1. Kindly provide the set of residues from the stretch 239-279 that are of a type in the set (Val, Ile, Thr) and at pLDDT below 90, ordered by number.
2. Out of 615, 633, 624, report the one residue that is among the hydrophobic types (A, V, I, L, M, F, W, C) and open to solvent by less than 20 Å² (accessible area, probe 1.4 Å).
3. Can you name the number of the only condition in (1) surrounded by 13 or more Cβ atoms within 10 Å (Cβ to Cβ); (2) at pLDDT below 90; (3) touching a helix residue (DSSP H, G or I) at 6+ places or on another chain (Cβ under 9 Å) that residue 393 fails?
4. May I ask you to list the residues in the stretch 663-672 that are touching a residue at least 40 places away in the same chain (Cβ under 8 Å), more than 8 Å from the ligand (Cβ to nearest atom) and of a type in the set (A, V, I, L, M)?
5. For the list (1) free of Cβ contacts under 8 Å to residues at least 60 places away in the same chain; (2) open to solvent by 20 Å² or more (accessible area, probe 1.4 Å), I need the number of the one condition that residue 354 fails.
6. State which residue is surrounded by the most Cβ atoms within 10 Å (Cβ to Cβ) when the search covers only the stretch 674-691 and only residues that are near the ligand (Cβ under 10 Å from one of its atoms) and among the polar types (S, T, N, Q).
7. Which one of these is touching a residue at least 24 places away in the same chain (Cβ under 8 Å), open to solvent by 40 Å² or more (accessible area, probe 1.4 Å) and more than 37 Å from the chain's Cα centre (by Cα): 388, 411?
Amino acid sequence: MIRGITCLLYDYEVHPLISEGKGLKIIDINSLSTLKTDSEKAKDITKGFILFDSDLRVSSIDDGARQILGLSNQAVIGRFLPNLLNKDALGILLNYINSVIQEDQFVQQDIKVSDHPVQWYNTTICPIYNNRYSILLVDNTQQKIMEESLVSNNEKLKVLYDSASKLTTMKNPKELLDSLFDRLSEVLDLDIYVNYIWDKDQDRLVLANHKGICNKKTEHMNFIEKGSAICGTVAQNMKKMVVENVENCSNPKVALIRSLGIKAYVCEPLISFGELVGTISFGSKKRTTFKSEELDLIHSICHQVTIVLDRMTKVEELTQNTETLEVANLHLMKNERKFRDIFEGAQVGILIIDNEGKIIELNPAAGYILGVHSDKLNGVKVTTFVSETNKVSLREHGAHLLKYGKAQDNEYIIIRPDESERIVSFSASKNIYYGHHLIIFHDLTLQKNIQNSLIIERNEAERVSKTKTNFLAMIGHELRTPLNSIIGYSQVLEEDKKDPLTEKQKNKLAKILSSSRHLLQLINNILELIRIDTKPETIKANVKTVRIKKAIWDCLQANKNNANDHGVTLHIEKDVEDVSIKIDPIRFQQVLVNLLNNAIKYNRKNGTVTLYWRVDGSYLAIFVKDTGIGIPVEHQENIFEPFYRINHPAYHIEGTGIGLTLVKQNVLEMKGTVGVSSIEGTGSTFWIKVPI
Ligand code: ADP
């Protein structure tokens, strides 16, 4: 590794010697391999031997000792021993030499004779004879380095072991990271850690946990974009980064960590199943560099953190999923109960059958319709309940259901075990679940029975009505002949000049004539009504081109006497346009006469009736306006119904309630429409609209 440059930034690939096994991983510390090489080197170990007297004057020295003390070419015999030793070793070695001289006992000790480079010697000082002493120096530097390394590795493995055992019990990421950091800072002299989580939605790092940084400073660190600062770069490249000698580093990306007073910094990506989960960084404010084995340790711990964080996320997801499932389950149970209630309480029969047509499930209504308790129907085939003829069509419908997925509104006669019959309509849906089909059936028996009796009743009513109509027609025709005779003879009497009637007799005869004519009108109306009602197709329209002004004038003339009798004046509005229309003149006259008749009859003394018309597109609208008693709104819709009369207690106006019915029927025959607008006490305007 390169050292000694003012600032170093390293990008690391994930360490290849670290196993990616499940659970916690064991660090393969680099230095162990180094130690192995060093131990091999130790085979050509350096040894040296020196003899000296109690005055510390050297009397003999071998080549090894010369080499160790760096005195290869110098004359050393008789020289003062302390002058030959370097200052690192001097103090401690002299202490041991003095103790051997004083106590006359040998001492064996490992002595670090130099810090740079590190150098250790196993030193044995022995009294020999006659105040002579020997020093045996054996270079055990490599062995000592190996020992120190083992102690340090041991310490790190302990950190790993401790953290591994703690990690498995932790539930909260903050607690986990804090405790790891505390343990790591003891060993690595760390001051801060920062943990970011990668937020996919925001597409940036979000600060999740940290220690050693005051909250005010973290305000600027809450989010880091990919590629910015050290953490963002680590997230982008998914490679760890080490920054040493931060103070002297000119890279702008270290500005943030420098502002925190950090001197050495390492940031690791947290990667789970190839995906970035976040970053974790450690920084020291005291030291400027990290050793490679320390970086290995941090890397290993980060890997563990990823696994544990991953586990926490998974546990959280599972907990959430479980909660969601529990809610969904509750919802399902409620729905199941709701549908079960509907199923049980439905008035229609519901069957679930399998592919062979066997009943798998049914509701109480189905059992009731089939005439068997629902408990006894499981496994029974639906065909059991239909007649032989129905069985064939039931199978056909079954085939249709399997082919098209639906079979609808098929009627069957169900034969119950007690041989009573029910008429039902079936609808079926295929495969409502796993090869199970749904049949819904309605019991139509009551409805069918009512329908049948209604048909019988209607036929009977039609028959009775026809008889009545025939009877009425017969009576009408029978009455018309004598009535015509009465009218005829009365007219003869009235006009008899030979035997003229007295005034009294004339008055009485006039009453007979008026009542007879009224009766004849009534019978004619009834016969007309029956004719239209029973055989409308027999009334052939005799359509002619009619000048409207003339046709209306004729009608007015026909009603003139009547109007005079009632003191009512008839008008045709001035300036109306004369138009030709194609119409059956008799039917048209019948309509107008009826409307005029009513306008006169329901008018007041000295009232008026005004006729006018307008061309409206391809229609001619004719209006008959009177100044009479008017029609209350609530009756206006009904007055065209047969025999509908408004009871006017104040007026006692005679009528049959047929006139407007005939008007409406005739207008409809002419492919037209009829209507009225009226104000009670002011007057009414009846209108008809017929095609020109
Ligand atoms: P009716 O023989 O009673 O006149 P219609 O069928 O001709 O029978 O009329 C039905 C009812 O409509 C009448 O009884 C009357 O109350 C009401 N009516 C018809 N025409 C008029 C009108 N011009 N003014 C007021 N009421 C009318």
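1. Applying the first criterion (of a type in the set (Val, Ile, Thr)) to the stretch 239-279 yields 242-243, 246, 254, 257, 262, 266, 271, 277, 279.
Hits for the stretch 239-279 are 271, 277.
2. Of 615, 633, 624, the one residue that is among the hydrophobic types (A, V, I, L, M, F, W, C) and open to solvent by less than 20 Å² (accessible area, probe 1.4 Å) is 624.
3. (3)
4. Listed by number, the residues that qualify are 667, 670.
5. The failed condition is (1).
6. First, pick out the residues of the stretch 674-691 that are near the ligand (Cβ under 10 Å from one of its atoms): 676, 678, 680, 683-686.
Restricting the remaining residues to those that are among the polar types (S, T, N, Q) gives 678, 684-685.
On the way: 678: 21, 684: 24, 685: 16.
Here the answer is 684.
7. 411
Residues checked against (1) open to solvent by 40 Å² or more (accessible area, probe 1.4 Å); (2) within 30 Å of residue 627 (Cβ to Cβ):
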{"site": "496", "(1), (2)": "yes, no"}
{"site": "499", "(1), (2)": "yes, no"}
{"site": "510", "(1), (2)": "yes, yes"}
{"site": "518", "(1), (2)": "yes, yes"}
{"site": "550", "(1), (2)": "yes, yes"}
{"site": "553", "(1), (2)": "yes, yes"}
{"site": "564", "(1), (2)": "yes, yes"}
{"site": "577", "(1), (2)": "yes, yes"}
{"site": "584", "(1), (2)": "no, no"}
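The values are calculated or read from the model by the stated rules, or taken from the named source; none is laboratory data. Only a predicted model underlies this, so the values are computations on that prediction, with no experimental measurement involved. Every residue, glycine among them, receives a Cβ derived from its backbone with ideal geometry; neighbour counts consider all protein chains shown. The accessibility values were calculated without ligands, DNA or RNA, using every heavy atom of the protein model including side chains. Shrake-Rupley method; radii C 1.70, N 1.55, O 1.52, S 1.80 Å.
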